Each structure stands twice: as structure tokens, then as C-alpha cells.
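Let me begin by presenting the structure, written as C-alpha cells, before commenting on it.
The values are calculated or read from the model by the stated rules, or taken from the named source; none is laboratory data. Since this is a predicted model, take the numbers as computed values, not measurements. Neighbour counts run over all protein chains shown; Cβ positions are idealised from the backbone, glycine included. Keep in mind that these areas ignore ligands, DNA and RNA; they rest on the heavy atoms of the full protein, side chains included. Shrake-Rupley method; radii C 1.70, N 1.55, O 1.52, S 1.80 Å.
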Amino acid sequence: SSYTNFLIREIPKDWKTVPLGKYVNISSGDSPSLINFKNFGTPYFKVEQLNNSKKYLGVFSTPYYFSGGKTVSANSVIFPKRGAAIALNKIRILETESFMDTNLMTLTAKNGLDFEFLYYQILYLKLWRFADTASVPQINNKHINPLLFVLPKISEQRSIAEILRDVDLLISIIDKLITKKKNLKRAIIHQLLSGKTRLKGFSKSWRTTTIKEIPNIYK
């Protein structure tokens, strides 16, 4: 398949290609109608909450909470398992013990697999590459269990994840700087175009006119 050809690329000799199902616990969610929601407790996520973060989902990433019942452990990788959201490749990590609805799936790394390496590898492989897209796009256990997965030694997995984490942090810092500059630009535009701040050498009063009074306007 195209996915297998993509995965079985040239890799280091000491890396393995393994079925992912042997290295993860797979969990799927329950319908919100089965959950008695509270104002506090264990976070519960729907697909829409994946938009509230770029990597980690925490207690403040959702308005839904419950107490008592099925949960998934922290550091599990969560992603859409049904519908068009699969194509958006929105993959996140649970920052705390949580649960989710029926349109989401989690993979909890077992011994021999670092959870953050799992996150970056799935992000790189892209969900739509191994999803069933015959009718409604979906990902089930039958897609995850035999999924071929590249696996270095655990120490190298953690080193790779650390470097990628540092890159994420740098991007986050740059994004915040860009946002700050955009806000500064908006403030400068407001000050200059409202006349609240005048440029050096300009002090005469502005006047109000109509667009028809401005010369050299053409249809």
C-alpha cells in the first residue's frame, strides 16, 4: 500500500519496524449522554476541544467534567477516530487523567515506547494515511493493531522527542512575539490614523470631509 511504501523507507539498521498494537493500549470514548457532567472533576473531551491546544490538553482545555467512571491515563495520545476531522491531523497529548466521547481515540504507550515519541511519530505519519476512507473516514482497533511503526531504542526515542519539544517551544515563543508585534501594529495604526499621535513636523489641524470632495477619484 502507499502507506507501507511511505513507512518502509530507509531507516537506521538498529531501528525496528513493529506492529503498533503491541506497544500501546487503545481506548475509545463514551457518548456524552452516558456521562453525568459536573462543574469540576475529570476532564472530558469532544473533538471540538482539540482546537483549544496545539499539543497538550489539560483541565482548562474543556468545559466538561465528571467524577467517577472510566478514565484514560495522563500522557496518552488523543485524536479523532471518525469523520472529516481525521484529515485535519489534530493529534494531542492528555496532560492529566481524562476521558473522551465516541469520536475520539487514545493510545497509551507501554514499555519500550516513549509517549512523546509516539505523539510526534503519529503526527508525522498523518492520520489519514492509515484511516479507512471508503465511506465515512474512521480509525478503529483493526487499523492500529497491525499498523507498522518505526521504533528506535527508548533512549533515542526520548532524545528525538526532546529535540522536537525544544523546536515546539521555539515556535511558541516566535508565535507569541508575532502576536505581540501585530498588536503593536494595530495600536500604532489607531494612534496615527486617528490623529492622537502626530509625526514630527506636522501640527496643523485635520479636517473632516466627504469622499466626493476628494479630487482625482475615478470610477
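Could you let me know the centre-to-centre spacing of the range 143-197 and the range 65-127, using Cα atoms, in angstrom?
So the separation of the two Cα centres works out to 20 Å.
Set the bar at 20 Å for Cα to Cα. Now go through K16/K90; K22/K153; K46/K81 and name every pair that lies beyond it. All intermediate terms of the calculation are to be shown ahead of the outcome.
On the way: K16/K90 26 Å; K22/K153 15 Å; K46/K81 11 Å.
Table pairs above 20 Å Cα-Cα are K16/K90.
Of the listed peptides 189-198, 99-108, 62-71, what is their order by residue-averaged count of other C-beta atoms within 10 Å, with the highest listed first? Walk me through the intermediate numbers first.
Details: 189-198: 10.4, 99-108: 22.1, 62-71: 14.6.
Per-residue mean Cβ counts within 10 Å order the peptides as 99-108, 62-71, 189-198.
Where nothing but the Cβ of Lys and Arg (+1) and of Asp and Glu (-1) is charged, how large is the charge dipole of the chain around its Cα centre, in debye to the nearest 20? Display every interim value, and only then the final one.
On the way: 33 positive and 16 negative charges, 294 e Å.
The calculated dipole for the chain is roughly 1420 debye.
May I ask you to list the residues of the range 43-57 whose amide nitrogen lies under 19 Å from a point 7 Å from Cα along the Cα→beta-carbon direction of I174?
54-55
What residue among A131, A74, A187 shows peak mean-square fluctuation when the chain is described by a Gaussian network model with Cα springs under 10 Å?
A187
Simple spin-label model, 7 Å along Cα-to-Cβ: I160 to F202 in nm?
For I160 paired with F202, the spin-label model returns 5.6 nm.
Would you mind computing the Rg to Rh ratio of the range 94-169 from its alpha-carbon coordinates, Kirkwood style for Rh? Don't skip to the end; give the middle numbers.
Working: Rg = 13.9 Å, Rh = 14.1 Å.
That ratio equals 0.98.
Percent of accessible area on the chain owned by carbon and sulfur, 1.4 Å probe?
The nonpolar share, carbon plus sulfur, comes to 57 percent.
Sort 88-94, 173-179, 160-166 by the packing proxy (mean of other Cβ within 10 Å over each peptide's residues), most packed first.
Values: 88-94: 19.6, 173-179: 10.1, 160-166: 14.0.
The peptides rank, most packed first, as 88-94, 160-166, 173-179.
Residue farthest toward the positive end of the dipole of the chain, with Cβ of Lys/Arg at +1 and Asp/Glu at -1: which of M105, P80, I139?
P80
So what are the ³J(HN,Hα) numbers for the range 137-143, from phi and the Karplus equation (6.51, -1.76, 1.60; θ = phi - 60°), rounded to whole Hz, Gly and Pro as x?
x, 7, 10, 10, 4, 5, 8
Counting only C-alpha contacts under 8 Å and six or more residues apart, can you give the relative contact order of the range 3-117 as a whole percent? Show your work: numbers first, answer last.
Numbers: 201 pairs, mean separation 38.9, N = 115.
Normalised by residue count, the contact order of the range 3-117 is 34 percent.
Cα axis of helix 154-193 to longest principal axis of the chain: angle in degrees, 0 to 90, nearest 10?
The two axes meet at around 20 degrees.
Probe of 1.4 angstrom, ligands and nucleic acids ignored: what's the accessible area per residue over the range 1-145, in square angstrom? Before the final figure, lay out the partial values.
On the way: 7200 Å² over 145 residues.
Accessible area per residue: 50 Å².
Return, for the Cα atoms of the range 38-103, the radius of gyration and Dmax in Å, separated by a comma.
Rg, Dmax (Cα atoms, Å): 11.1, 33.
Using a 10 Å cut-off on Cβ atoms, rank the peptides 31-37, 137-143, 201-207 from the highest mean neighbour count down. Don't jump to the answer; show the numbers that get you there.
Numbers: 31-37: 11.4, 137-143: 15.9, 201-207: 6.6.
Packing proxy ranking, top to bottom: 137-143, 31-37, 201-207.
So, R0 is 25 Å and r is the distance between the beta-carbons of S73 and W128; what FRET efficiency does that work out to, to 0.05?
0.40
Rounded to the nearest 10 degrees, what's the angle between the helix 115-125 long axis and the longest principal axis of the chain, both from Cα atoms, 0 to 90?
That works out to roughly 70 degrees.
The list (1) 40; (2) 24; (3) 10 gives values of percent of Cα pairs over 31 Å apart, and only one came from this structure; which label was calculated from it?
Computed from the coordinates, percent of Cα pairs over 31 Å apart corresponds to (1).
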